[in-house]
Amino acid sequence: MKKRILAAVLTAVMAMGALTGCGSTGSKDNYTIGIMQYAVHGSLDNCREGFLQGLAEEGIVEGENLTIEYVNAQADNGTSAMTASNFVSKKVDMICAIATPCAMAAYNATMNTDIPVIYTAVSDPVEAGLANEDGTPVGNITGTSDALAVDAQLKMIREVLPEAKTIGIIYTTSEANSISTIAEYKALAGNYGFEIVDSGVTAMSEVALAAADVASKVDCITNLTDNTVVSALQTVLDEANKAGIPVFGSEVEQVKAGCVASMGLEYIELGKQTGKMAAKVLKGEAKASELNFEVISEPSLYVNFAAAEKIGLELPENYKTDAYQSFDEIVVQ
Amino acid sequence: MALLLSVLEQGMIYGILALGVYITYKILDFPDLTVDGSFPFGAAITVRLINGFGVPAILTLPIAFLGGALVGICTGLIHVKLKVRDLLSGIIMMTGLYTINLWVAGSGYVAIFDKENIFNNSFVNSITPGFLVNFKNVIIIFLITMVAKYLLDWYMSTKSGFLLRAVGDNDTIVTSLGVDKGLVKIVGLSIANGLVSLSGCIYAQQQRSFEISIGTGAVVIGLASVIIGTSLFKKVTFFRVTSSVVVGSILYKACVAVAMFAGISPNAIKLITAVLFLIILVISMDRKKVKAC
C-alpha cells in the first residue's frame, strides 16, 4: 500500500517536473509569431520576407527557435478579424500585421491582452488610429510605416524632366493612404514648379479610362502605393507609352515592371527594420508600447533604362552610377 | 476560446444582416443587392456620429437603422415608381452608396479605437462584473440580436406583416384586398435595409473601425446564412425561421473558422469555406429526402 502511494507521489512529481520543464523551454527559447497579411501582393510578400530576415539577423530563426503561423486574409475584413482572434486564442507571443486593415484588426483583438502587435506597410499610422500625433503608440502596438518620400520623388522628377510642368496621379478614392499622399504632393509640388493633376477611380476597371484621360493632359505620371492602381500598373504604362510620357514608380517592384525611375522604398528593407523591432520586443529589451513607429529615412533611387529608352527619354548621366539598383529590361510579372 | 467568441460575435452581427436578407430574398422574393451598400452605410453613419459628433454610442443603433430604412425606401421607390427591375435597382443603389459612404465616413478608413462604443462605455463597464469582461461583447450582441429578432417576429404577426408575406407569395391577393402592393414592397425593403444597416453599425463598433470595402460580398454572406439556416432547420418546429437564419449565419462563420483553424494553406480558405458550405447544403437536402420517403 505504502509502495503504491509512494509510486503515485513520485509519478505526480515527475509529471510536474516534465510539465514545468516544457513550460520553461516554451517561453524562453521558442517564440511563436502570428503573421497576418492583408492580401497577396508583391510588396507585402517582400515585407514578410524582410521581417523574417530581420528577426534572423537578431538570432531568432524560423524553424530553430521561432514558429511562424501565417495567414493571408485574402483582402477580407471578416477574415482579418477572425485571424486576429485566432492568434489571440492560441496565445502567440506576438502578432505581426502587414498592411493597415490587418494592423487595425490585430490591435482591436489584442486590446485586452498583453500580446504585442508589430505592424508594417501602414502608410499613415496616425490616420489609422494606431499612433498619436507625436509618433508614440496608442497601445501595445508599434511598427514601421511605408509613407512615401514625396519630396525626394519630386526632386528626382525635376532632374529627369527639367521642362515638365504637370504631373498626373491616378488614385483610388477609397484608399486613405492615397488621399493623404496626394495632399502632400499638392503641398510640395509648387516648390519644384510642378502642378498636380489627379484623377480618382473606384475600381480597377476604371483605371484604363482615367489613365488615358490623365496621360493626355500631363507631362509625366507618378504612382502612389495605391493597391488598386498598382495592380493595374500595366494598363497605366500602356496608356502613358501611347502618349509618349514617362511613368515614375513608388517602389522597386514598379520600376522592375516598367516605370522609368523611383525614389522609393525597398519593402524587404522595411520588413528587416520591422523584424529588428520585433526582436527587441520579443527579447524583452523594449516594450511595443514604448517604441515609436519608424519610417525608412533614406529613400533609394531605382532606375529602369529599358523603360526610358522605350519612350526615348534620356536619363541624367550620373543615374547609371548613383542608382541603388538599375534594370536593363522590363520584367512583366 | 477567443476564436469561438469571435465566431459567435461575428455570426450574430451578420445574423442581423441575414434577417434583412431573409425579408427581401425569402419573403418578398426580391433579390436585393442594396445590402452591399447599406451594410457599410450603417458603419459609416456610426463612425461619423461617434467620431465627428460625439453622439452617445447607444443612439447610433436607432439612427443607423433609420438611415438604412431610408436607403431601402429609395431602392423601393426606384423599383416601384420608376419601374426599374429589382436586381437593377439594388445595383444602382449599391453603386451610388459607395460614394455616399465615403462622404459620410470622411475617408476609406476611419478608426474609433479610443472612443466609447456600445461595448465599451462607462455605463456598460460599471455594471459588468469582472468575470464577465471577456464575454461582454458577445452578451451585448446577443441581446441586440434577440431584440431585433423578436421585434421582427412581432412585426410579422401584425396586419402589415401578413401583407408583406402575401406580396411575396401571391401579390394578386394583396391587390384584391385593396392594398397598394408597391407600398408594401417599399415597407419591406426599408425594414430589411434598416436591419442590414444596424448590423453594419454593430460591426463598426465591434471592430472599432470602418473600412469602405466591408460591404463587398455582404449579400453573399447573408444569402448563404439564410439558405444554411432555412434548409438545415426546415423540419425543426421549435425554432422560428428568424432564429434559424441567425444560427445559419453563425454556422457560416464557423465554416470559415474551421477552415482557418485546421491549418489549411491560407490561400485555400475560400475554397474550403465553399466546400463546407456545399456539404451543409447537401446534408440538409438528404434529410429532406429521408423525410419525404
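The values are calculated or read from the model by the stated rules, or taken from the named source; none is laboratory data. Just so it is clear, the model here is predicted, and its values are computed rather than measured. Neighbour counts run over all protein chains shown; Cβ positions are idealised from the backbone, glycine included.
Here are a few things to note about the model shown:
- Across segment A:105-116, the number of residues qualifying as aliphatic (A, V, I, L, M), over 12 Å from A:Gln37 (Cα atoms) and crowded, with 24+ Cβ neighbours inside 10 Å comes to 1.
- Any pair with Cβ under 7 angstrom, 6 or more apart, that starts in segment B:113-127 at a residue that is more than 14 Å from every other protein chain (Cβ to nearest Cβ) and ends at one that is loosely packed, with under 14 Cβ neighbours inside 10 Å and part of a helix (DSSP H, G or I): B:Ile118/B:Ile58
- When segment B:121-153 is filtered for residues that are touching a helix residue (DSSP H, G or I) at 6+ places or on another chain (Cβ under 8 Å) and more than 19 Å from B:Ser249 (Cα to Cα), the ones remaining, listed by number, are B:Asn121, B:Val124, B:Thr128, B:Leu132, B:Asn134, B:Phe135, B:Lys136.
- Among the residues of segment A:247-265, the one identified as surrounded by fewer than 24 Cβ atoms within 10 Å (Cβ to Cβ) and out of contact with any helix residue (DSSP H, G or I) (no Cβ under 7 Å at 6 or more places or on another chain) is A:Lys256.
- The lone exception for A:Thr110 - which of (1) modelled with pLDDT of 90 or more; (2) more than 12 Å from every other protein chain (Cβ to nearest Cβ) it fails: (2)
- Hits in segment A:127-150 - residues which are surrounded by 16 or more Cβ atoms within 10 Å (Cβ to Cβ) and either part of a loop (DSSP other than H, G, I, E, B) or of a type in the set (Asp, Glu) (or both): A:Glu127, A:Ala128, A:Gly129, A:Leu130, A:Val138, A:Gly139, A:Asn140, A:Asp146, A:Ala147, A:Leu148, A:Ala149
- Among the residues of segment B:78-88, those that are buried (at least 16 other Cβ atoms within 10 Å of the Cβ) and touching a residue at least 24 places away in the same chain (Cβ under 8 Å) comprise B:His79, B:Val80, B:Asp86.
- Any hit, segment B:89-109, residues being more than 14 Å from chain A (Cβ to nearest Cβ) and hydrophobic (A, V, I, L, M, F, W, C): yes
- Every residue from segment A:210-253 that is closer than 22 Å to A:Lys186 by Cβ, at pLDDT 90 or above, of a type outside the set (Val, Ile, Thr) and in a helix (DSSP H, G or I): A:Ala210, A:Ala211, A:Asp213, A:Ala215, A:Ala240
- Per the conditions (1) over 15 Å from the mean Cα position of the chain (by Cα); (2) within 14 Å of chain B (Cβ to nearest Cβ); (3) acidic (Asp, Glu), the sole criterion not satisfied by A:Asp124 is (1).
- A Cβ distance below 7 Å, combined with a sequence gap of six or more or placement on separate chains, defines the contacts here; from segment A:205-227, residues that are over 15 Å from A:Pro246 (Cα atoms) reach residues that are assigned to a helix (DSSP H, G or I) and among the small types (Gly, Ala, Ser) in the pairs A:Asp226/A:Ser178.
- Inspection of segment A:59-66 finds a residue satisfying the criterion of being surrounded by 16 or more Cβ atoms within 10 Å (Cβ to Cβ), outside any strand (DSSP E or B) and either within 14 Å of chain B (Cβ to nearest Cβ) or of a type outside the set (Ser, Thr, Tyr) (or both).
- Applying the set (1) within 12 Å of another protein chain (Cβ to nearest Cβ); (2) buried (at least 24 other Cβ atoms within 10 Å of the Cβ) to B:Gly222 leaves exactly one unmet item: (1).
- Filter result for B:Arg208 (within 14 Å of chain A (Cβ to nearest Cβ) and charged (D, E, K, R)): yes
- Residues in segment B:51-69 that are modelled with pLDDT under 95 and buried (at least 19 other Cβ atoms within 10 Å of the Cβ): B:Ala57 alone.
- Selected residue (criterion: surrounded by the most Cβ atoms within 10 Å (Cβ to Cβ)) from residues of segment B:1-44 that are polar (S, T, N, Q) and part of a helix (DSSP H, G or I): B:Ser38
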